[in-house]
Structure formats: structure tokens, C-alpha cells
Amino acid sequence: MTKKKPVYETDFEIGIYTLGDYTPNAITGEIISEQQRIEEIIEAAKLADSLGLDLFGVGESHQENFISQSHALILAAIARETKDIKLLSTATVLSVSDPVRVYEDFTTLDLLSNGRAEIVAGRASRVGAFDLLGYNLSDYEALYEEKLDLLKRLNEEKVINWKGKYRAELKDAVLHPTPLNESIPIWRAVGGPAASAVKAGIMGIPMILATLGGPASHFKQSVDAFRGYAEHYGHGELPVGITALFHAQADPKDALKSFYPHVDLTFKAANGTSFDKRLFSEQLDKRAVMIVGSPESIIEKILYHHELFNHQRLLLQLDIGGLDFEEVKNQIRLIGEVIAPAVKKAIKERASNNV
């Protein structure tokens, strides 16, 4: 017996997401309390909702310099403080989680939010969680593929009979609670080479592609591979999401200058390496993937990316490297009041002209 298929929006959606970075401010060296950082994430979501943004995501990363390890709990708090914005994980580290428990958490979130919950399932770009949660890093790929298959089955079938290698067998299992619309949207988080995008296309699961820096044309390979394999395996047209770092100032050069210390600190805290200054300086080019510049140049860049990728959603990450929360709110207001309306209007006009 199958459930209803999840519904994916076809209009262009714009939102913001956080990984819950928890570092000192890259400029002042000051650090807020863990409690305040979580409260600021909730406040950011409330502001995004009030401005009519479509999406708010919270990711998990089980290591130092991050605060949203229990991202489903933070999303639940946000659910009770917001009304319309869709709430998603960006991403849930499925490789080190039990798909059954993940699904129960997010179906509960779906009811708490009146049907606004979504799961973005990732492998883990940072591997500290494997030792912490008792998994073998050598099983990195196999763990994820098996668990994503199970998560997808849980969302599609009312009675589950399943057997795998990395968790106990399920016999005539029925999960509760049931999502408001019987199923919820599930996306595959994709980063790095196109191989993961290919697997998403074969499986028939929508893709959210992480981009950090470099030319947008490099990431188009993954988008094209995903769509080609999805069509070949009979899944039709599936939506694509893109994530990108974001920072805007009136002068594009000021945006670059003011954002770099925060990006650099975040990369050092997470990976122990700096973000290459030469690569960063190239991100003002509209052909680069990082969304940095003036509001006007950012609108132009997003439209260029949309023409290149024809993606259905864009998620922007801006609260990194201890960026002051007043500035975070300024950035959210720019997105909600200036950038998102202009981008959506232009995309609609472009679509109507192509009919």
C-alpha cells in the first residue's frame, strides 16, 4: 500500500539556511552564548517568515564550532513561531542516523508546522560524527545509500518490510505519526563530483546541490547529469535546489571585503584551512557561484544562474563566521524586500515570454 506522493513546488522559491556555525565574530573576536546563538536562529526564521521568504533550513554538524546538532528540535521551536515558511533540514546527516527515527522526528515536525516540513538527507561533509555516534567511516557510501533507500521507502509505503546491512530488519512496520498530507518532500543533498547527482537521478529523488566557490559552469555538470539520469530511469522532471553563500553591500567590493573574514574563519574552524583569497576575489563575477555583491549585481547573478541551471529553489547561507546578528537581519531584509521580489518577477516574465 502506497502513500500519496510528496508535492514539490514548481515556482521559484528563495530562502535562507544555517548550519548553526558557532564561532567568535571574525572581526571583534567576541562570542555569544550557545543559548543566544540558538535564539538568534529562531529569530532569523521569524524574520524570514514575516518577509514572505519561502524556505528556512537548519543543518546538523556533530562537532566543535557548530550549535545545531539537534536541528529537528530547533526546527520544532521555529514551527511554533512561524506561519507560512517551509521548514527543512539542510542537511540531516543520514549516514549516522536511524532513518526510522529521522522520519518520526520530521513527521512530528510536519504536524507541528501544519504541513511545512521537508527533509534534505546528506552523507556528511564533515566526518567527526562517525566516531562520535559509533559508525565506521569506511562504510561512508554504503551507509548513506542504504539509509536513504529506507527513508524513501518509509515515505512512500504505509506498511514497511525491509532488510539491510546496517540496521535491524523491519517486518510489517507502520510508523506514526502520519504527515499531514501522508508524505513529506525528501531531497538528496549533493556536493562535490557528479556521482552523487547521478545516484539521485537514478533513485528518482529531488536534489539540492551545495555550491561554495568557483565557476557556476562546473556545477552545471551535476545538474545535467541528475536530469539526464532521472529522465532515463523514467522519473520525469524532478526539482533542483541550489545552495550558496550570500552577502550584499551597496558597493560590491565592500561586500567582498567585509564578508571574507567570516568565510575564512568558518572554513578554518570546520576544515582547518583558509578560503583561498584569489578564488574569493573572483566571486563578484556573475559566472561564479557565490552570491556576493550589490543587490543589483546579485539579482543579475541569480538570474544568470537560473538561466544556467533552471533550478526551482535557492537557499542562501549568510550567518557564518560569527557575523553580527544585526547584520544578519539586514541581509535577510535585503533578500526579502529587494532581491527575492525582483528575481521572482523577472523569472515569471521570462517564463511568460517563452510560452
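The values are calculated or read from the model by the stated rules, or taken from the named source; none is laboratory data. Keep in mind the model is a prediction, meaning the values are calculated, not measured. Cβ placement follows ideal geometry from the backbone for every residue including glycine, while neighbour counts extend to all protein chains displayed. Note: accessible area is taken over every heavy atom of the protein model, side chains too, but ligands, DNA and RNA are not part of it. Shrake-Rupley method; radii C 1.70, N 1.55, O 1.52, S 1.80 Å.
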So N310 clears everything in (1) surrounded by 16 or more Cβ atoms within 10 Å (Cβ to Cβ); (2) among the polar types (S, T, N, Q); (3) under 19 Å from the mean Cα position of the chain (by Cα) except one condition, right? Which one? (1)
If a residue counts only when it is farther than 30 Å from I31 by Cα and open to solvent by 10 Å² or more (accessible area, probe 1.4 Å), which helices (runs of 4 or more DSSP H) contained entirely in the stretch 66-152 have at least 3 such residues? 99-112
Somewhere in the stretch 241-251, is a residue open to solvent by 30 Å² or more (accessible area, probe 1.4 Å), of a type in the set (D, E), outside any loop (DSSP other than H, G, I, E, B) and more than 26 Å from A45 (Cβ to Cβ)? no
Tell me yes or no: at least one residue of the stretch 166-187 is among the basic types (K, R) and touching a helix residue (DSSP H, G or I) at 6+ places or on another chain (Cβ under 7 Å). no
May I ask you to verify whether K171 is part of a strand (DSSP E or B), open to solvent by 60 Å² or more (accessible area, probe 1.4 Å) and not polar (S, T, N, Q)? yes
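Report yes if T178 is open to solvent by 60 Å² or more (accessible area, probe 1.4 Å) and closer than 28 Å to S113 by Cβ, otherwise no. Let's see the steps before the verdict.
Values: open to solvent by 60 Å² or more (accessible area, probe 1.4 Å): yes; closer than 28 Å to S113 by Cβ: yes.
Taking the combined requirement at face value, the residue satisfies it.
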Out of the stretch 20-39, which residues are open to solvent by 30 Å² or more (accessible area, probe 1.4 Å), charged (D, E, K, R) and touching a residue at least 12 places away in the same chain (Cβ under 8 Å)? E30, E34
Would you pick out the residues in the stretch 323-346 that are open to solvent by 20 Å² or more (accessible area, probe 1.4 Å) and in contact (Cβ under 8 Å) with a residue 12 or more places away in the chain? L323, D324, F325, K329, R333, L334, E337, V338, A342, K344, A346
Among the candidates D149, D110, single out the residue that is within 30 Å of G336 (Cβ to Cβ) and at pLDDT 95 or above. D110
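So which residues in the stretch 238-275 are among the charged types (D, E, K, R) and either without any contact (Cβ under 8 Å) to a residue 60 or more places away in the chain or on the phi > 0 side of the Ramachandran plot (or both)?
Within the stretch 238-275, D251, K253, D254, K257, K268 qualify.
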Just one of the numbered conditions (1) open to solvent by 50 Å² or more (accessible area, probe 1.4 Å); (2) of a type in the set (G, A, S); (3) under 30 Å from P295 (Cα atoms) is not true of A195; which one? (3)
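Every residue, every condition in (1) at pLDDT 95 or above; (2) touching a His at 6+ places or on another chain (Cβ under 8 Å), yes or no:
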site	(1), (2)
V198	yes, no
H235	yes, no
T243	yes, no
F259	yes, yes
F275	no, no
L279	no, no
In this structure, is S61 under 20 Å from L315 (Cα atoms) and either open to solvent by less than 60 Å² (accessible area, probe 1.4 Å) or in contact with a strand residue (DSSP E or B) (Cβ under 7 Å, 6 or more places away or on another chain) (or both)? yes
Looking at D224 and the list (1) open to solvent by 60 Å² or more (accessible area, probe 1.4 Å); (2) not in a helix (DSSP H, G or I), which single condition is not satisfied? (2)
The one condition in (1) on the phi < 0 side of the Ramachandran plot; (2) buried (at least 18 other Cβ atoms within 10 Å of the Cβ) that G293 fails to fulfil: (1)
Six or more apart or on different chains, Cβ atoms under 9 Å: show the pairs whose first residue is in the stretch 213-228 and in contact (Cβ under 8 Å) with a residue 40 or more places away in the chain and whose second is basic (K, R) and open to solvent by 70 Å² or more (accessible area, probe 1.4 Å). P215/R287; A216/K286; A216/R287; S217/R287
